[in-house]
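A short write-up of the structure that comes next.
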Amino acid sequence: MQQKKRSHIELIAGCVDNDRKAQEQLYKLHFKAMFQMCLYYCKEEQDALEVLNTGFLRVFQKIQLYKNEGSLEGWIRKVIYHVIMSELKLKKLVNKTESIENQEIEQHDFTLEKIFKEDLLDMVRRLPPATAHAFLLFANEGYSHIEIAEKLNISVGTSKWHISNARELLKKQIANES
């Protein structure tokens, strides 16, 4: 039992140091279980693999946050689950955008069908960091203004301002790209 913990600790340390072999070993060790979870939520095997790889990228980016409390597999599962949910919510947002394509948008002379998932994410990344963070929590994660205020340690009014500001800035970006 002690030997297994030590190897996990060494594996985690290697991943923190961006050691590709350690990352590959961690990936292979947890691939099957995490892929099964992704398949449960994604309809296509290719989509599941894409989400899984995005999830492991997030695991490697955040591995230093794992505190050796609880199981490593449980922590990895949680990180990948959040990626799955983000992807599904983003896909739902993109689908909503596509369903609007035939509706007339009175105040704007642009069409939303030109916006693809990558474009939308790129636009959100160009927002000021605090505004982008609040907007993603609201639009992507489904947090309420009260929850955003608590999470970001801001007032509810500031949360509402960030969301409103994000919408206006995104509308301008969309108009400029059309």
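Determine, yes or no, whether Leu65 is loosely packed, with under 12 Cβ neighbours inside 10 Å and either at pLDDT 90 or above or closer than 23 Å to Asp19 by Cβ (or both). It is true that Leu65 is loosely packed, with under 12 Cβ neighbours inside 10 Å and either at pLDDT 90 or above or closer than 23 Å to Asp19 by Cβ (or both).
Within segment 159-175, the set of residues being more than 18 Å from Ile146 (Cβ to Cβ) and touching a Pro at 6+ places or on another chain (Cβ under 9 Å) comprises Asn165, Leu169. Applying the condition of being surrounded by 14 or more Cβ atoms within 10 Å (Cβ to Cβ) and not in a helix (DSSP H, G or I) to segment 127-176 and asking which residue is farthest from the chain's Cα centre (by Cα) yields Ile154. Checking each residue in segment 7-40 for being open to solvent by 80 Å² or more (accessible area, probe 1.4 Å) and not acidic (Asp, Glu) picks out Ile9, Asn18, Arg20, Lys21, Gln25, Lys28, Leu29, Lys32, Gln36, Tyr40. Of Ser7, Ser99, Ser86, all but one fail to be out of contact with any Gly (no Cβ under 7 Å at 6 or more places or on another chain), modelled with pLDDT under 90, among the polar types (S, T, N, Q) and farther than 30 Å from Ile174 by Cβ; the exception is Ser7.
The values are calculated or read from the model by the stated rules, or taken from the named source; none is laboratory data. Predicted model, so just to flag it, every value in this text is computed and none were measured. Glycine also receives a Cβ, built like all others from the backbone with ideal geometry; neighbour counts cover every protein chain displayed. Ligands, DNA and RNA are stripped out before the accessible areas are found, and what is left, the full protein with its side chains, is counted by its heavy atoms. Shrake-Rupley method; radii C 1.70, N 1.55, O 1.52, S 1.80 Å.
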